[in-house]
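The values are calculated or read from the model by the stated rules, or taken from the named source; none is laboratory data. Every value quoted in this text rests on a predicted model; they were computed, and no experiment measured them. Counting neighbours? That spans all protein chains shown, and the Cβs are built from the backbone with ideal geometry, glycine included. Side chains included, ligands, DNA and RNA excluded: accessible areas come from the protein's heavy atoms. Shrake-Rupley method; radii C 1.70, N 1.55, O 1.52, S 1.80 Å.
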Amino acid sequence: MSSSSRFSKYILIAANAALAGSLLLAAAGCGDALIYAKDTRRQGMELYNDGNYGDAAATFANATRQDPRDYRSYYYMGASYEAQHAYQQAISAYKSCLDVMPLTLEGKNNIPFRYHTLDSLATAMSKSSTHSDEAVALEEKLKGKVSVEDQWVLAKLYRYSGDADAAVDSYNKVVLIAPDNFTIAKEAGLYEASLGQTNRAAFALKKAFAINPEDEQVSDALRKLGVSGSNGGLSADLSEPPMPRSQGAAWDANPRPAGETAALQQTPQN
């Protein structure tokens with residue numbers, strides 16, 4: 001091997017070593033950022049639980065700058081804004097949480113947290129002074145593309161805003177486009193049962209029962225409606241969603257599911 005060839009080989013080895021070293025440093029820096037983000041989130045949760053919502057929101061925002069994929073900090077930031085009645089900021093934070101969840105394996109697989117965030121988003125929208133505009137925007141969006149989540153949020157938004165007719169219609173649509181989603185079918189059925197809309201409630205609850213016949217709330221609701229989950233019991237044909245029969249008082253939201261942290265468990269209700 002010539003001296004020039006040996007020299008080129010040494011240069012290549014040195015370059016590869018330098019590249020490997022820089023990658024290790026970058027990985028170490030990324031790891032440090034993730035640790036800092038978790039520490040910052042923990043500080044934010046302490047502030048939130050102490051009622052210091054303004055400082056908590058700023059701290060959670062800092063955590064998301066350290067780790068832009070930290071979906072929990074986006075959620076807690078939204079909860080902090082919501083506690084201050086800053087609903088537009090809360091809506092934006094909840095949407096960011098939903099946007100970044102698919103970027104990590106943990107976030108992608110954390111379905112209960114996602115469902116919880118969808119509910120919080122709808123709640124913030126319903127409290128906003130622009131809740132009518134939010135509903136119109138979702139309706140327009142759904143004209144261009146079918147979306148289970150958008151349709152579900154729209155149903156919740158109408159429900160929390162007290163528009164039972166629109167809520168029932170939206171729930172009916174989301175049950176039809178997501179017939180295998182137990183959570184949606186159960187929520188829709190229980191809501192419709194609370195309004196006295198027996199046939200619509202039975203339609204949704206029977207779908208939920210078919211997916212999970214062990215759920216006590218679904219089984220109990222079907223019994224109260226006089227419907228057997230397995231073989232039916234109403235004279236109406238439940239193969240298609242029936243028309244509304246009656247309307248009762250607006251239904252109160254289901255209790256939010258228990259979360260993994262104090263901040264999630266103490267999400268403000270007002």
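Data table
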quantity: From the options Ala166, Ala188, Ala202, Ala208, residue that is at pLDDT 95 or above, more than 25 Å from Ser120 (Cα to Cα) and among the aliphatic types (A, V, I, L, M); calculated: Ala202
quantity: Among residues of segment 111-142, those that are aliphatic (A, V, I, L, M) and open to solvent by 20 Å² or more (accessible area, probe 1.4 Å), counted; calculated: 4
quantity: Residue in segment 127-138 that is out of contact with any helix residue (DSSP H, G or I) (no Cβ under 9 Å at 6 or more places or on another chain) and touching a residue at least 40 places away in the same chain (Cβ under 8 Å) present; calculated: no
quantity: Evaluation of Tyr75 against (1) in a helix (DSSP H, G or I); (2) farther than 27 Å from Ile111 by Cβ (one fails), failing number; calculated: (2)
quantity: Residue list for segment 183-195, filter: closer than 15 Å to Asp163 by Cα and not aromatic (Phe, Trp, Tyr); calculated: Ala188, Glu192, Ser194, Leu195
quantity: Checking Gly54 against (1) surrounded by 23 or more Cβ atoms within 10 Å (Cβ to Cβ); (2) within 23 Å of Ser126 (Cα to Cα), the condition it does not meet; calculated: (1)
